[in-house]
């Protein structure tokens with residue numbers, strides 16, 4: 001065989017191999033595990049989380065030029081992995097820390113996922129992320145706010161959301177402004193469940209306010225998934241606090257609203273710590289008897305035609321509901337994880353971990369109202385931030401604080417029904 005023919009054959013073989021490699025890259029999928037409560041008392045939150053991630057998958061796996069320069073929207077698939085598509089394997093934690101832990105183990109050892117996200121309730125995020133830490137698998141959390149999650153010395157856990165300490169500051173600043181405008185805010189009551197989320201957030205708020213010289217006057221605890229909260233509501237009715245801060249998951253939040261109505265109790269100000277009060281099922285069930293409730297959030301739909309407005313419509317088309325803050329924070333966390341995998345150009349755990357550590361996203365790259373996303377050495381986003389919203393019509397929340405982000409002025413007192 002002549003040298004020229006040999007070179008030609010080798011060149012042809014090289015081209016075929018390159019085409020084959022390219023085709024493989026285009027067909028390759030990257031599996032991520034998502035652990036959420038798809039059944040049980042918190043199923044509504046889990047179902048909405050699933051819808052949020054499925055919308056994110058559509059944005060990432062299919063080109064969405066209408067989103068402009070929004071990260072991962074221009075191309076179909078992950079450009080850093082030759083157009084590879086993302087696949088999410090959903091697992092039901094059933095609202096149980098033990099079940100969540102077992103599902104995380106299954107996703108890692110059997111489904112061979114390259115990363116994990118979830119798990120809504122802080123207590124379940126605590127156990128599922130411990131499994132990912134043991135196996136050296138990146139875990140990105142977008143919504144759990146218990147402060148201790150990033151105080152465990154973990155190397156594989158990253159959290160994008162603001163946490164209890166961030167929101168405690170927002171609450172203090174908001175109440176300070178409301179007091180300056182004439183509202184009474186001296187007597188504060190905390191109502192919380194005894195889960196990791198409820199106990200941790202209550203302790204964080206108590207500590208943060210104490211540092212400002214403000215004592216929490218009343219601490220009302222209850223067992224989550226309660227069937228009767230009359231005793232707790234009667235405690236509030238007797239003490240007459242100026243402000244009631246509610247730290248409750250969906251079923252409990254609904255029960256408290258109905259019980260307050262039945263016992264004819266309306267606090268002058270009701271301030272919710274997101275969770276159940278953001279759930280669309282809460283608004284459907286008791287929004288009309290919770291008018292005037294304040295809530296924390298980091299989500300705003302934005303102007304018509306903006307990337308956030310387009311994403312909100314995609315979500316509503318998918319779920320049938322308006323995007324709530326929790327689902328939005330979960331979606332943002334998923335985008336950050338996908339972006340890190342794309343930048344890593346690899347499915348190797350250590351390379352994804354390195355990409356997450358190097359994350360430095362600017363506000364214009366986000367769907368949330370954070371100042372950016374950049375992780376400290378504990379895995380916490382140091383640029384996370386929040387605002388206060390109010391349920392002024394029983395169906396939709398509007399931003400009321402800080403003034404720079406406000407759509408409307410806050411309305412007092414709490415109307416209820």
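The values are calculated or read from the model by the stated rules, or taken from the named source; none is laboratory data. The shown structure was predicted, so the numbers you read here are calculated from the model rather than taken from an experiment. No Cβ is skipped: glycine too gets one built from the backbone with ideal geometry, and neighbour counts run over all protein chains shown.
Quick look at the numbers
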{"read-out": "Qualifying residues in region 146-156 (those that are over 18 Å from residue 116 (Cβ atoms) and part of a loop (DSSP other than H, G, I, E, B)) - the one farthest from the chain's Cα centre (by Cα)", "value": "153"}
{"read-out": "Any hit, region 396-406, residues being surrounded by 22 or more Cβ atoms within 10 Å (Cβ to Cβ) and part of a loop (DSSP other than H, G, I, E, B)", "value": "no"}
{"read-out": "Residue in region 133-145 that is surrounded by fewer than 24 Cβ atoms within 10 Å (Cβ to Cβ), within 19 Å of residue 53 (Cβ to Cβ) and without any contact (Cβ under 8 Å) to a residue 60 or more places away in the chain present", "value": "no"}
{"read-out": "Lone qualifier among 176, 185, 206, 165 - being without any contact (Cβ under 8 Å) to a residue 12 or more places away in the chain and either closer than 30 Å to residue 114 by Cα or not in a strand (DSSP E or B) (or both)", "value": "176"}
{"read-out": "Matching option when the condition is at pLDDT 95 or above and in contact with a helix residue (DSSP H, G or I) (Cβ under 9 Å, 6 or more places away or on another chain), among 345, 276", "value": "345"}
{"read-out": "Flag for residue 143 being outside any helix (DSSP H, G or I), more than 17 Å from residue 207 (Cα to Cα) and in the same structural domain as residue 117 (by TED's automatic domain parsing)", "value": "yes"}
{"read-out": "Qualifying residue in region 82-95 (condition: surrounded by fewer than 17 Cβ atoms within 10 Å (Cβ to Cβ), assigned by TED's automatic domain parsing to the domain that holds residue 356 and in a strand (DSSP E or B))", "value": "yes"}
{"read-out": "Residue match in region 206-224 (condition: under 16 Å from residue 191 (Cβ atoms), modelled with pLDDT under 95 and crowded, with 18+ Cβ neighbours inside 10 Å)", "value": "yes"}
{"read-out": "The lone exception for residue 372 - which of (1) in contact (Cβ under 8 Å) with a residue 24 or more places away in the chain; (2) buried (at least 16 other Cβ atoms within 10 Å of the Cβ) it fails", "value": "(1)"}
{"read-out": "Matching entry among 264, 317 (being more than 30 Å from residue 203 (Cβ to Cβ) and in a loop (DSSP other than H, G, I, E, B))", "value": "264"}
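So that you can scan it fast, the table gives a plain yes or no per residue for (1) touching a strand residue (DSSP E or B) at 6+ places or on another chain (Cβ under 8 Å); (2) crowded, with 20+ Cβ neighbours inside 10 Å; (3) touching a residue at least 60 places away in the same chain (Cβ under 8 Å):
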position	(1), (2), (3)
305	no, no, no
326	no, yes, yes
336	yes, yes, yes
341	yes, yes, yes
